[in-house]
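Here is the structure we will look at, set down as C-alpha cells.
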Amino acid sequence: MERKRVVQARMRRFAVKAFLALLILGLPFQSDAEERRWGTASLVVIVERQAGSVLIIDSSRHELLGRVSGLGNLTHATVKFSPDARYAYVIGREAQVSKIDLLTLKLVKQVNGGKLGIGGVISQDGKYVALSNYIPGEVRILDAETLELVKTIPALYADQNAKNGSQLPSRVAGLVDAPGNLLIFSLMDANSIWVVDAGKKEFPVIKKFVDVGKTPYDALISPDGRYYLAGFLDSNWMGLLDTWRLDRVTPILAEQGKGPEVPLWKIPHLKGWAITGRLAFLPALKREVALVYSTLDWTPLPPIPISGTALYTVARPDGRQVWVDIIGKNGDLIDIIDVDSMKVIKTLNAGPGATHPQFTPKGEAAYISLMDGGKVVVYDTTTFQALKEFPADHPSGIFFANRAHKFGM
C-alpha cells in the first residue's frame, strides 16, 4: 500500500511538472497588456488638434493602439520620425516638441523650442531635430536623443531703413532636410533661401540666396531630394533650387493658370503636392482645378477640373492616382484623379471637413480625417469602399511612419 502511494505521488508530481512545462512553452510570462507587440513600419500617427493629443494606429491591421495626450497646441502640428521609426516627434504650433516611443506609446520627453513655430524636420543622419520658428525668427537644432539644444541659427537680415547696419529677425518657413546632410529653409521677411551644412559641428550657413521672390511661405523637396521648391505669397512664381548645384534659385510656374477666380479659403501647403514620376500635381490658388506640370522642365500642362479649391493633392505610392481634398465649398468631398487618363474618376463624399488624405506604405488603403465629423475614415483604394472608422477629436494631420525614409517629410 505504501509503495502504491509513493507511485501515485510521483505521478502527480510528474503531471504537475508536465503541465507547467506546457504553460511555459505555450504562454509568455507577461500580463495581457504586456503581450501586445507591434512593429513600427506601418504605424500612423494622427493629430487631434484641439485635444492636444495623437492617435496611433497599426495600419496593417487598421487597429487603434492607443492615444498619447498632453501635447499642447497642435494647430498646424507636424510629426517627424527617427530613422528606425522607433520615435515620433510631435512639433506643435508653439514650438513644443514631444518625443513619443512608438513601441510603448509613452511620452519620453517634452521641451519647448521657441514661442511660435511652423514645424521642423529630422536631419538626414537622424542625429538632430531642426525647428523652423516664427518667434524668435530662427532655426533651432536639438539633439534627437535628448532634445537638448545644440545650435541656434538666427534668421537675421539687414534693415534697409536703418543707417547703422542693424539687423531684423525673419520668420522661418519651408524647412526641409536634403541629401548631403543639408538643411534648407526660407526667410519669409527677408525674401531669402539659406542652406546649412548639418554634417559640420558648427552648422555653418553655406549658401544665402537673396531676392528670390516676395514672402516665401512654404516649400517642398522632390522625392529624390534634388529640387527645393519655395512658394511665395506676393510673387506669381515659385523658386527652384537644384541641390546638386546650389548655384541659383530659378523662377518657375510664372502663373497659376487662367480661369474664373473663387474665394481663397485656405492657402495650400506645398508639402501637399503630388509628384508622380514626370508629373507634378498641385492645388491652384483661387481656382477649381488641379494644376499639372512636367517635372522634366517644369512647364505647365492642361489643368484638371475638380469639385472645388484643393488643399492637398496626394499621390498614391504607385503614382496611378492622385487624391485631392476640397476646402471651403464642397469641403466634404475627395476627388480621385486617374493619372493615366488625367481625369477625375471618382468623387467620395467622405464627410464633414474631409482633409489630409494619406496612403498606407504600399497604397492599398487611404486614411482621411473628418475634422468636423469627429472621425478618421479608411478607404480601399481599388474599390473606394470604406473599410473602417476611428472616432477622433477634430482630427487633422495624418503621418505614416514610412516618412522616416523620405526627404522633407
Which residue is surrounded by the most Cβ atoms within 10 Å (Cβ to Cβ), if the candidates are limited to the stretch 368-396 and must be over 22 Å from residue 67 (Cβ atoms) and in contact (Cβ under 8 Å) with a residue 40 or more places away in the chain?
381
Cβ-Cβ below 8 Å, separation at least six or inter-chain, first residue in the stretch 221-242 and touching a residue at least 60 places away in the same chain (Cβ under 8 Å), second surrounded by 20 or more Cβ atoms within 10 Å (Cβ to Cβ) and small (Gly, Ala, Ser): which pairs?
221/178; 221/408; 225/178; 225/408
Do the conditions hold for residue 313, that is, is it β-branched (Val, Ile, Thr), part of a strand (DSSP E or B) and surrounded by fewer than 21 Cβ atoms within 10 Å (Cβ to Cβ)?
no
Specify the residue that is farthest from residue 233 (Cα to Cα); the eligible residues are those in the stretch 272-306 that are crowded, with 18+ Cβ neighbours inside 10 Å and among the hydroxyl-bearing types (Ser, Thr, Tyr).
276
Residues in the stretch 63-78 that are under 15 Å from residue 132 (Cβ atoms) and in a strand (DSSP E or B) total 1
Name the strands (runs of 3 or more DSSP E) wholly within the stretch 139-182 that hold at least 2 residues that are touching a Pro at 6+ places or on another chain (Cβ under 7 Å)?
172-178
So which of 335, 340 is more than 28 Å from residue 394 (Cβ to Cβ), of a type outside the set (Lys, Arg) and either buried (at least 17 other Cβ atoms within 10 Å of the Cβ) or out of contact with any strand residue (DSSP E or B) (no Cβ under 8 Å at 6 or more places or on another chain) (or both)?
340
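Read-outs: derived from the displayed coordinates by stated rules, not from any lab. What you are looking at is a predicted structure, and each value in this text was computed from that prediction instead of being measured. So basically every Cβ, Gly included, is an ideal-geometry build from the backbone, and we count neighbours across all protein chains shown.
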